[in-house]
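Enquirer: Starting off with a structure, shown below.
Just so you know, all these numbers are worked out from the coordinates, no wet-lab data involved. Worth saying up front: this structure is predicted, and the values here are computed from it rather than measured. Neighbour counts run over all protein chains shown; Cβ positions are idealised from the backbone, glycine included.
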Amino acid sequence: MFNPLQAIEKIEVEVFTSVPTKFRKMSHTKWSDANRQGAEVECFLEGPSFDRDGNLWIVDIPFGRIFKINPNKEWELVVQYDGWPNGLKIHQDGRIFICDYKNGIMLLDPVSGRIETYLDTVYSEGFKGVNDLHFASNGDMYFTDQGQTGIADQSGRVYRLKANGSLERLLSNVPSPNGVTLSTNEKQCYVAATRSQQIWRLPIMADGSISKAGVAIQLSGGIGGPDGIEMDAENGLVVCHLGVGVWRFNDRMLPTHFIYSRNPAHYHLANIAFGGPERKTLFITDSGSGDILCAKLPVAGKTMFAHR
C-alpha cells in the first residue's frame with residue numbers, strides 16, 4: 001500500500017489474552033471440514049465486541065461457543081449451541097446480536113445465556129450464510145450475507161434491518177461480503193468484499209436508498225482479502241487484511257498506519273474492536289491461534305451503538 005502524502009507508520013501488536021487450555025481440543029467439525037479444507041481446529045475466533053462493563057465478547061465459529069472475557073482477562077463460556085456464530089454486536093439495550101452462518105441472526109441474553117433465532121429467512125428464503133453486522137445510531141442493523149460467494153459467484157448480499165422491523169436488501173452482487181460498518185456521520189456504508197480484495201463504499205441518500213456504490217480501497221496480497229472493518233472517530237477506516245495485518249486508512253482512504261505481528265502464527269487477523277482508555281486500543285482476533293492481540297492507536301474508535 002502507498003500513500004503519496006505521508007509515510008505509513010508501523011505498529012506492532014502484543015498478545016492480550018489467549019483461549020485457555022481447558023477450552024482447546026483439536027478436532028474436526030463440519031464447519032472446519034468445509035471452510036478450513038479438512039484441517040482439525042482448536043478454535044476459530046471472531047466477532048469481538050465490548051459491553052458497557054468492559055467485558056469483551058468473542059465467538060468461536062466451529063464449536064458454536066460464545067465467550068465473555070472480563071477486564072481481568074478471565075474467560076467464561078456463556079453458551080455453546082448448535083450453530084456457527086461469526087459477527088457479534090451489542091445493542092444499546094444490552095441484547096447481543098450474532099450473525100450465525102447456519103441459523104441466521106441470533107439473539108443472546110447476556111444474563112441468562114439463552115440464545116434463540118431472531119431472523120432466519122428473508123422473504124421466505126434462507127440466507128446464504130450471514131457473516132457480520134453493525135448498528136446505526138437509530139438502531140438499524142446492517143448485515144452481510146456472504147455464504148460461499150466469491151469471484152465465480154458474485155451474489156453476496158447486504159441487508160438493512162430497520163429498527164421498525166422492516167428488511168431491505170441493499171446489494172445482491174458482492175463477491176463475498178464480510179465486514180460492514182458506517183461512517184461517523186452515517187452517510188456512507190462500507191463493506192469488505194473479501195474475494196475481490198476490495199472495500200466497497202455505499203453512499204446513503206437522504207431517503208435511505210443507496211446510490212453510486214463504488215470501490216473505496218483496492219487491496220492485494222495476503223491469503224483472502226479484507227475481513228473485519230471498523231471506523232475511527234476521525235472517519236478513518238481500520239481494515240483486517242487476512243495474511244497481511246491490519247491497515248488504518250484516513251478519511252480519504254489513504255493508508256496511514258499498518259498494525260502487524262512478527263509471529264508467523266498470527267496470519268489470520270480477522271476482526272477488531274476498539275476498547276480500553278479513550279477507546280484507543282485496538283483488539284484483534286487472530287482466529288487460528290486463539291490469541292487476542294492488541295495495539296495502541298493514535299485515533300480513538302468511533303462510539304458504538306452499545307455505548308450511546
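Enquirer: Could you list Trp200, Trp75 so that the one with the fewest beta carbons within 10 Å of its beta carbon is first and the one with the most is last?
Expert: So the residues, fewest neighbours to most, are Trp75, Trp200.
Enquirer: Taking the chain as a Gaussian network, where each spring joins two C-alpha atoms under 10 Å apart, which residue of Ala163, Ala152, Ala192 fluctuates the most?
Expert: It is Ala152.
Enquirer: Segment 42-161: D in µm²/s via Stokes-Einstein (Kirkwood Rh, Cα pairs, 10 °C, 1.306 mPa s)?
Expert: The calculation lands on 109 µm²/s.
Enquirer: Run the dipole for the chain about the Cα centre, Lys and Arg Cβ at +1, Asp and Glu Cβ at -1, nothing else charged, and hand back the magnitude in debye, nearest 20.
Expert: Numbers: 31 positive and 34 negative charges, 68 e Å.
The dipole of the chain has a size of about 320 debye.
Enquirer: Local charge sum around Val79 (other residues, Cβ-Cβ under 13 Å, Lys/Arg +1, Asp/Glu -1)?
Expert: Working: positive: Arg65, Lys68, Arg114; negative: Asp60, Glu76, Asp82, Asp100, Asp109, Glu116.
For residues surrounding Val79, the net value is -3.
Enquirer: Still on this structure: In the structure shown, do any of Lys22/Lys302; Lys73/Lys280; Lys128/Lys280; Lys68/Lys280; Lys10/Lys187 have a Cα-Cα gap over 23 Å, and if so which?
Expert: Numbers: Lys22/Lys302 35 Å; Lys73/Lys280 18 Å; Lys128/Lys280 35 Å; Lys68/Lys280 21 Å; Lys10/Lys187 30 Å.
The answer is Lys22/Lys302; Lys128/Lys280; Lys10/Lys187.
Enquirer: Please compute the alpha carbon radius of gyration of the chain, then divide it by the globular-protein estimate 2.2 N^0.38 Å. Two decimals is fine. All intermediate terms of the calculation are to be shown ahead of the outcome.
Expert: Values: Rg = 17.7 Å, N = 308, 2.2 N^0.38 = 19.4 Å.
Rg over 2.2 N^0.38 Å, computed on Cα atoms: 0.91.
Enquirer: With θ set to phi - 60°, apply the Karplus curve 6.51 cos²θ - 1.76 cosθ + 1.60 along segment 183-193 and write out the HN-Hα couplings as whole Hz, x wherever there is a Gly or Pro.
Expert: Using θ = phi - 60°, the values come out as 5, 5, 8, 6, 9, 9, 10, 10, 10, 7, 9 Hz.
Enquirer: Name the residues of segment 164-186 whose amide N is less than 12 Å from a point 7 angstrom out from the Cα of Gln154 along the C-beta direction?
Expert: 172-176
Enquirer: What is the spin-label model distance, in nm, from Arg95 to Ala39 if the labels are put 7 Å beyond Cα along the C-beta direction?
Expert: Calculated label separation equals 3.7 nm.
Enquirer: What order do you get for Thr184, Thr21, Thr144 when you list them from fewest to most C-beta neighbours inside 10 Å?
Expert: With the sparsest Cβ surroundings first, the list reads Thr21, Thr184, Thr144.
Enquirer: Could you give the size of the charge dipole of segment 72-226 about its Cα centre, using +1 on the Cβ of each K and R and -1 on the Cβ of each D and E, expressed in debye and rounded to the nearest 20?
Expert: Here the size comes out at about 500 debye.
Enquirer: Which one, Val79, Val238, Val191, has the greatest fluctuation when you compute a Gaussian network model over the chain with C-alpha springs under 10 angstrom?
Expert: Among Val79, Val238, Val191, the largest mean-square fluctuation in the Gaussian network model of the chain belongs to Val79.
Enquirer: Pull out the extension gain between Ala206 and Gln218, defined as 0.36 nm times the separation in residues minus the alpha carbon to alpha carbon distance; nm, one decimal.
Expert: Working: separation 12, 0.36 × 12 = 4.32 nm, distance 2.73 nm.
Answer, rounded to one decimal: 1.6 nm.
Enquirer: Enter the Cα centre distance for the pair segment 186-224 and segment 110-172, rounded to the nearest angstrom.
Expert: So the two Cα centres are separated by 16 Å.
Enquirer: Arranged by the count of other C-beta atoms within 10 angstrom, fewest first, what order do Glu40, Glu14 take? Write out the running numbers ahead of the final one.
Expert: On the way: Glu40 13, Glu14 10.
Ranked by crowding around the Cβ, least crowded first: Glu14, Glu40.
Enquirer: At most 16 other Cβ atoms within 10 Å and a DSSP loop assignment: could you name the GluC sites (Glu not before Pro) in segment 163-235 that fit?
Expert: On the way: sites: Glu168, Glu186, Glu230, Glu234; in loops: Glu186, Glu234.
Here the sparse-neighbourhood loop sites are Glu186, Glu234.
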